Structure formats: C-alpha cells, structure tokens
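To keep things clear, I will list the structure first and then write my remarks on it.
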Amino acid sequence: IIFSTPFAVISYFLIWFVPDISRGQVMWYLIFYCTFQTLVTCFHVPYSALTMFISREQSERDSATAYRMTVEVLGTVLGTAIQGQIVGKVDTPCIESPFFIGKTNSSVALEELNMTHDTGSLTDTRNAYMIAAGVIGALYVLCAVILSVGVRERRESSELQSDKPVSFFQGLKLVMSHRAYITLIAGFLFTSLAFMVSTAGLGGWGRGNGSSAEGHHHLLLFPQLSATLTIPLWQWFLTRFGKKTAVYVGISSAIPFLIMVVVLDSNLIVTYIVAVAAGISVAAAFLLPWSMLPDVIDDFKLQQPNSHGHEAIFFSFYVFFTKFASGVSLGISTLSLDFAGYQTRGCSQPREVHFTLKMLVSAVPVGLILLGLLLFKLYPIDEEKRRKNKKALQDLREESNSSSDSDNTELASIV
C-alpha cells in the first residue's frame, strides 16, 4: 500500500493530462490507465484482505465489511461530487448539426466536431479535469496514510498454530477448486456486471434526456448516495434473515425499477427514480458477497486444515473479477453506443441510440441479475452451515492451542 500510493497518484494525474504530441496519444492514455489500474490493485488487494486480520469472530468481520463498504461507496460519492462540481462549472455546449447526427461512424463525427469546437473552452475543460485529478489524488494520499498508520495487522487472528505453509501455486489450485468460492465469485461477477452496465447506461440516458454536464454528474451521484445510505439497512437485514436471503431480496429488488425504464415514457424523473432504486440494490450486490467471502475462507480452512496464508489469493481474485466486470461493462456500453451512432456532445441522438440505452439500462442488467441469482442459488453455505463452521473452527483452534500449551509445559518440566 505504501509503495503503490505515490505512483498511483502520479499515473492517475497523467490520465487526465493532455500531452502536446500529434501522434501516440492513444498509447499515452492506454499506458497510464493500465498503470493506474495495476497500482490500484496493489492497494485494493491488501486493503480488502485486512478484513481477515482484524478478528476471528464472524460478526465482527461482517461489521468491519459493512463499515468498509459504506466508506468505499461514500468515497465514490465524494469523488464523483468533486469531479462533477469542478468539471461541471465549465460550460461545454452541445452542437446542433443534423449532418453529424446522421453519421453512423461516431469517431469520424467526433473528430469533425472537435475541429469546430472553441479552443478556449477546450482549454478550460482540460484544466478543470486536471484540477479535479489533483484534488482526488491528494485525498488518495491522505487515506493511504491514515490506513497505514491507523491499522495494525494481526496475522495470528486468522491462523491456527498448527498451520504449515503451502506454496503459492498449490494454494491457488486448492482455492480455485473450492466449490463455495467458485459459485460465489461467479454470482458476484454477473451481478456486479449488471449494475455497472446499468450505471453506465444511466449516464448516457441522462444526457439523452437533456441533462447538462453538471446534471449528468448529479445523476451519477444518486445511485451512489442511495447505496451509501442503505448499506446499514442491508447489514441489519443479513443479521436478521441471513445472507443468502438478503442477496435474493436485495439484488432482485432492482428488477421492477429497471423494467420501468422500458414501460414508461422516458423522462428525467423516471431516470432519477431508477437511479435511486439501483443504488439500493447496488448496496446489497456489493456488501453481501464481500461479507460472504470470509465465510468461504472459514469453510476452506476446515476442509484444508493443513493450509494457511491463502487470504490474499481469495481476495485478489475477488478484486480481479470486480475489475473484470468494470472493464467488460465499459466495453459493452461504449461499443454498443458507438455502433448505434452515439454522438459526443450532440444535442440530439439517433433513434438507435435511445433503443440501445434502453437495453443497457433495462434488458441487459435484468438478464445478468437473473443469471447471478441462479448462481447464488448454488452457493452451498447457508446460515446453518455457517454456524456449524464457526463452532468447528473454534474447536479446532482450542484443540491447537491446548496442544501447544501442553508441549510448552512438557518442555518447561524437562528444562
């Protein structure tokens, strides 16, 4: 975490910097974007795995996960608000041109639009994005310092004294053959992809319904803000009714609101309602699988009592699938809109774009949610099994500790 932070901040700033070169800008952005994502992974994996080194108690780890996810979503809200307020102050008017709207190749249209765009406005926009990147980078450093100084690792809290180390590749093979883990990450992948696609579609939907640049950023705030406020509700719900029940109820609750986008006439009010409802389900979709992961690790420890130290493998693949879902959702939404003829900064869009946005906001997420819920149905750890695992693991630790105490006593008597 300490090593990756300064380089991550620098690479993030360079993503928003416009180099004064005539060729190679695509490679510039590709290199620094991939570098930033790699360095963020260096932060995210150990940060997430720290949950296992806080406490042995399942309830305490669930509580820590709820706090962590609340602050993560709150940080996303803060970042979106900062960038939205700074960039939204720069007025970038749309361009009304039927000639461009009729084009099917959006990249060509974008190039010609940029040729006619006012240079001063472009400069203001560039500066606004770099200022926002500087502010967010400073917050990144501040949070990394607080984490490094304020959290102490307690590795003994997650390890049995009888554990023997296993090589990384052996551990990877064991982890990826664990049924509970495979079903959990598969369900997590499809539900995450559903909400990421719908969120990306909502941004374009808001633009298509005439929201300004600042209003566009405000629209993106709604699902994140509602997710932040409802995470404590889902934390209470899972302790009261169980995690699998909370997953079914929380994630499926978004389906009726996503269908509303297709059934009702398109307007900004419906979009905001769908955004808030999606945020409520996003809270369940991200909190609950993360709170279920420690249960999977406990189940793995009982099945593989002679292996330990695999927490980083469990969490790193979880982070990988989160990033994979993010990349796929961006690819789906961007390519779909490009094929439909979406025009950046266009005052109006072709009919094909509106149809594509409806699919991205409604049909595609609903299908992915149903597939994810089907996979969660196969997840084998229910509340009864979770309680049994907790007791069995506690008995195993007590047996290990008593054996160690007996050995120490015998050694002392010999001395």
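Values as computed for the structure displayed
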| item | result |
| --- | --- |
| Residue in the stretch 296-322 that is least open to solvent (accessible area, probe 1.4 Å), counting only those that are of a type in the set (Gly, Ala, Ser) and not in a helix (DSSP H, G or I) | Ser307 |
| Test result for Tyr33, under 22 Å from Gly327 (Cβ atoms) and in a helix (DSSP H, G or I) | yes |
| Condition met for Val71 (β-branched (Val, Ile, Thr), at pLDDT 80 or above and open to solvent by less than 30 Å² (accessible area, probe 1.4 Å)) | no |
| Options Ala277, Ala283: the member that is buried (at least 19 other Cβ atoms within 10 Å of the Cβ), free of Cβ contacts under 8 Å to residues at least 60 places away in the same chain and part of a helix (DSSP H, G or I) | Ala277 |
| Residue within the stretch 297-317 that is under 20 Å from Ala186 (Cβ atoms) and without any contact (Cβ under 8 Å) to a residue 12 or more places away in the chain present | no |
| Those residues of the stretch 193-232 which are over 22 Å from Met260 (Cβ atoms) and modelled with pLDDT of 80 or more, in sequence order | Thr228, Ile231, Pro232 |
| Unmet requirement for Ala325, which otherwise passes all of (1) under 30 Å from Phe169 (Cα atoms); (2) surrounded by fewer than 21 Cβ atoms within 10 Å (Cβ to Cβ); (3) in contact (Cβ under 8 Å) with a residue 40 or more places away in the chain | (2) |
| Selected residue [open to solvent by 30 Å² or more (accessible area, probe 1.4 Å), at pLDDT 75 or above, closer than 18 Å to Val77 by Cα and small (Gly, Ala, Ser)] from Gly134, Gly150 | Gly134 |
| Residues (part of a helix (DSSP H, G or I), over 21 Å from Phe222 (Cα atoms) and either open to solvent by less than 20 Å² (accessible area, probe 1.4 Å) or among the polar types (S, T, N, Q) (or both)) located in the stretch 233-274 | Leu238, Thr239, Lys243, Thr245, Ala246, Val247 |
| Unmet requirement for Leu293, which otherwise passes all of (1) in contact (Cβ under 8 Å) with a residue 40 or more places away in the chain; (2) open to solvent by 10 Å² or more (accessible area, probe 1.4 Å); (3) part of a helix (DSSP H, G or I) | (2) |
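This table checks each residue for (1) in a loop (DSSP other than H, G, I, E, B); (2) under 18 Å from Phe315 (Cα atoms); (3) within 19 Å of the chain's Cα centre (by Cα).
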position: Thr41; (1), (2), (3): no, yes, yes
position: Val77; (1), (2), (3): no, no, yes
position: Ile86; (1), (2), (3): no, no, no
position: Val90; (1), (2), (3): yes, no, no
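The values are calculated or read from the model by the stated rules, or taken from the named source; none is laboratory data. Fair warning: this is a prediction, and the values are worked out from it, not measured in the lab. Using ideal geometry, Cβ is built from the backbone for each residue, glycine included, and neighbour counts are taken over all protein chains shown. Remember, those area values only see protein heavy atoms, side chains included, never the ligands or the DNA or RNA. Shrake-Rupley method; radii C 1.70, N 1.55, O 1.52, S 1.80 Å.
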